[in-house]
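Throughout, read-outs are computed from the coordinates displayed, never taken from laboratory work. None of these values were measured; they are calculated from a predicted model. In this analysis, Cβ positions are derived from the backbone assuming ideal geometry, glycine residues included, and neighbour counts consider all displayed protein chains.
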Amino acid sequence: MNGVPMDIQLRNVASARSISRRRFLWDVARTGAAASVFGLGAYGQTIRSASPAKKVVVVTFGGGARDEETFAEAGQQYIPRMLGELIPQASFFTQVVNRGILGHYVANASMATGCYETFDNFTPVSPAHPTLFEYYRRDRQRGSDDVWVIAPSNGFDRIGASSAPGYGSKLGATMVLPKQLLGGLSKGRSEPFDHLLRDSYEDTSTVMVSDQHAISLVALAERLKLPADQFLAYAANVTSPDELSLYIAQHLMATLAPSLIWVTLHDIDIAHAGAYSLYTGAISRTDRICAELWKSIQQNPEYNGKTAMFILPDFGRDGDFEPGGNGFQHHRTGDPLSRTTWMLALGAGVRENVSVDRLIESVDLVPTLATLLGCNARFATGRPVTEVL
Amino acid sequence: MIRELSPSDLSSYPPQAKQFATDHIATLRQLPAILCALLLKQIKEYDWLFPAERSELDKQLQWIRTADHQKLESVFSSFSGIKVSPDVMDMPWGAQPGPFIERLTADLWATHSIDAFQSAAKNYGALVEADREDTVSRKPRLCVVFIGAGSPRGKKPLFEKLRPYGTYFSQVDMAGGVPEMVGVLGSIASTQPGPYQHWYVDGGAADPSALHNNERDGEICTLSYSSLEPVRLNVINIMNEVRTSGAAGPERLRSLLAEMHPDGDVRRVTDPVMRNFTFELFTAGSGTQIFSTTFVQWAGREILRRVRPQTLFLRFQLRQTERPMDELLQTKQALPVFDPVGSLLDGDMGAFYTWINLQRLPGGAESRFLACYEDGHEALVVAPGIPRGATSDSKCSLRDLLQWST
């Protein structure tokens, strides 16, 4: 037996999901939006900002989010900001399929390289193929201050650069792990930040901040021009690690204004603990974070009108009726629902009020962004998404 | 060259497992290595399997012995055709099927063979299923789920996902619902006795009327989150040791937990099958160690999947709030703070999943299912003869619902 029947099933499910998502958008957005793109003729009827993007912000709607709790009809209650504020300004891709390994680190690394990486998800290794960050820095001769990755601490610390010959950390993104940063900066302080330093239920192993690393955290904070007191004061008033990531992203935009920011959100992965209300609560928080990030882009003259933002989950989660799984709790079966998600693109050069129904893959993101940013993702296996170019 | 299963592979198996595997070694040798290892993983647990699982294993092997050759070939070839890295196949899969399956799974994902494997496994499952009979009873099963004890009603509609499949009742008198359900369970157990056929799982302390049924007394198997506290804390201790050692990641932790069997912490439970099952609810269940709602949902799933009981009563109670994992995984904790709103939502989803798991069993379509909001007046009934997608605003009692669903 080969994978062909499964592939047909995957395509059928992805297509059904696409139709369901688009119908839903027609019903919910009520914008006359979601003008479906069936051919080039439809493009002329939609608004597209004149200038192409000079900067790119990518947000992975992290930790695996299903259709049922996002763009399916029952999910609308959890994403009010994306529906109300972002969708009317966006091109919405209704079928984004991830054919790779459904572990968060390896899936995010695959999205960053444009190739399906095959390493063990829980192993601390760099991606084998060059990342978008390396392509961009090498081809455009950009410094490390121009490319930043903000990621949850456990396991993601090597996502910024590959082990590919000719590439690597000298060309990689500058990594910020907000939880480690907070842990380092709050050493010796009396305020409790434990609630923000938690790690996911899936990987509960304790992350130690060594003294040496703490020093490099201080250096990083200086490079970020991060006022420690202000950061700690903010941290004392938020409830989740992803909100720290939002803060760092906003701060970066305000201070260094890099061309490429990649934010990996992860709160949603609390789903592994099996509490549905915590999972949906995290989705609503992520929805809010995405909207706030977009607002910051629009309010910042360095970004407004020059920036394209892409929001997509790394993958879904197991379907309710998949016998090998336990519904939303995990993403272990590899069933079509856990592989099928969506993508929002909005901002400079991106058509508004459009939904695109053709199937694309999560590895298509890198070649697309490479085209936008004027570099060559020469080893990526995905294909550029022409609808946003 | 793929190694062949040999009697020496079985030497470390527990006694009954060893005997069973030895008795069926000729049949097992016919199987592709991957399928054989999957079966051996289950056989190795034979000493702690429920009667329904033992019977299922027996039937599978019997089916393999007698099935149409062409049918068998089609299933076997789908397993044999899966590409697996040679170093994985070099593992002693017969002696250690558990670690082998773990390595195999990682390899299948890495080599993009997981879809082919899923497809082969589904094919095999469908063929076995077609041949399967309900081994214990053909009487319709009864499953009742109480949610929301201690939770305010809130504004979100309840049982939304279940409503298309049954009738929603808005004015149910739920007073005394828990002791009444325990009584119903007892009365069914007395007329339809059988080992492990009647279960009551409580997310807090079990109702006093059921306390004397701590294990299998009175033919009701009772599990409560409160009474299992020592087992839960023991597992948390193990998790903490591993996760703070820095020497093992989450996969190793899962492997360690999967390899474990209970010691004295479940000493009050004398039945080894129950003792092991209880332990596994915390070692194999994700989140069961920290959230009672997750425990109840997972226990319901595992009871239905493994035991296939005649009656099942699940009661979701309050779970603790989300806190840092470091705190949640402490054995010495301050008094828990509960999340009443979240607990109701968790229970609602848990009821839906329980119904799905009930439907998967043989005779699922004939089974009777009730979900009730314990602190209010709402319920949902799915049963043959009960209209789908309907609503009833008539006043009624829990007993009425049970009667109408019969």
Practice task
Would you mind giving the mean number of other chain beta-carbons within 10 Å of the Cβ of each residue in B:72-80, as a whole number?
Solution key: 1
Completion exercise
Each label sits 7 Å from Cα toward the beta-carbon; between A:GLU302 and B:ARG360 the label points are separated, in nm, by 5.1 nm
Exercise for the section: Measure nothing fancy, just the Cα-based angle from helix B:292-302's long axis to the longest principal axis of chain B, in degrees from 0 to 90, nearest 10. Expected result: 60 degrees
Fill in the blank from the handout: Per its Cα gyration tensor (rounded if a/c is under 1.5, else prolate when a/b beats b/c, else oblate), the protein assembly as shown is best filed as prolate
Problem - Relative contact order (%) - criterion: Cα under 8 Å, at least six apart; region: chain B - result: 24 percent
Problem - Förster radius 35 Å - calculated FRET efficiency between B:ARG153 and A:ALA257, Cβ distance, rounded to 0.05 - result: 0.10
Exercise for the section: Count charges around A:GLY114 for me, please; just the other residues with Cβ under 12 Å from its Cβ, Lys/Arg as +1, Asp/Glu as -1. Expected result: -2
Problem - Order of A:CYS375, B:CYS221 under a 10 Å beta carbon neighbour criterion, fewest first - result: A:CYS375, B:CYS221
Handout entry: Highest-MSF residue in chain B out of B:GLU374, B:GLU327, B:GLU366 [GNM, Cα springs under 10 Å]
Key = B:GLU327
Exercise for the section: For segment B:7-131, give the magnitude of the charge dipole about the Cα centre (Cβ charges: +1 Lys/Arg, -1 Asp/Glu; no others), in debye to the nearest 20. Expected result: 120 debye
Handout entry: Potential extension, A:PHE321-A:ALA219 segment - 0.36 nm per residue separation minus Cα distance
Key = 31.8 nm
Practice task
Give the calculated FRET efficiency between B:ALA26 and B:HIS112 to the nearest 0.05, with a Förster radius of 25 Å applied to their Cβ-Cβ distance.
Solution key: 0.10
Handout entry: Cα→Cβ-extended label distance, 7 Å offset, between B:THR105 and B:ASP271, nm
Key = 2.8 nm
Problem - Average other protein chain Cβ within 10 Å of Cβ, residues B:113-120 - result: 6
Completion exercise
In deg cm²/dmol, rounded to the nearest 500, the helical mean residue ellipticity at 222 nm of the protein assembly as shown, built from -39500 (n - 2.57) for every DSSP H run of length 4 or more, is -12500 deg cm²/dmol
Practice task
Go through segment B:111-119 residue by residue and turn each phi into a ³J(HN,Hα) via Karplus (6.51, -1.76, 1.60, θ = phi - 60°); whole Hz please, and just put x for glycine and proline.
Solution key: 9, 6, 9, 5, 5, 5, 5, 4, 5
Handout entry: Förster-model FRET efficiency, 41 Å R0, B:GLU327 and B:ASP393, C-beta, rounded to 0.05
Key = 0.35
Handout entry: Farthest positive-ward along chain B dipole, Cα basis, beta-carbon charges - from B:ALA205, B:LEU398, B:THR22
Key = B:LEU398
Completion exercise
per DSSP, antiparallel bridges as share of beta bridges in the protein assembly as shown, % nearest 5, sits at 25 percent
Problem - Part-to-part distance (alpha-carbon centres) for segment B:344-371 and segment B:169-195, which is given in Å - result: 17 Å
Exercise for the section: Kindly express, to the nearest 10 degrees and within the range 0 to 90, the angle between helix B:229-245's C-alpha long axis and the longest C-alpha principal axis of chain B. Expected result: 50 degrees
Exercise for the section: Just check segment B:7-131 against the gyration tensor rule for me: Cα atoms, a ≥ b ≥ c as the square roots of the eigenvalues, rounded for a/c under 1.5, and otherwise prolate or oblate depending on whether a/b exceeds b/c. Expected result: oblate
Practice task
Relative to the longest principal axis of the C-alpha atoms of chain B, give the angle of the C-alpha long axis of helix B:340-359, reported between 0 and 90° and rounded to the nearest 10°.
Solution key: 60 degrees
Problem - GNM flexibility winner over chain B from B:THR294, B:THR167, B:THR391 (Cα, springs under 10 Å) - result: B:THR391
Practice task
Can you give me the three principal axis dimensions of segment B:142-404 from its C-alpha atoms, in Å, biggest first?
Solution key: 59, 42, 32
Problem - Electrostatic dipole magnitude of the protein assembly as shown [Cβ: Lys, Arg +1; Asp, Glu -1; Cα centre; debye, to 20] - result: 1560 debye
Completion exercise
Note: B:234-245 gets an average of partner chain Cβ contacts (10 Å, Cβ to Cβ) equal to 1
Handout entry: Considering only chain B, percent of DSSP beta bridges that pair antiparallel, nearest 5
Key = 25 percent
Problem - Distance in nm between pseudo-label sites at B:ALA334 and B:ASN237 (7 Å out along the Cβ direction from Cα) - result: 2.5 nm
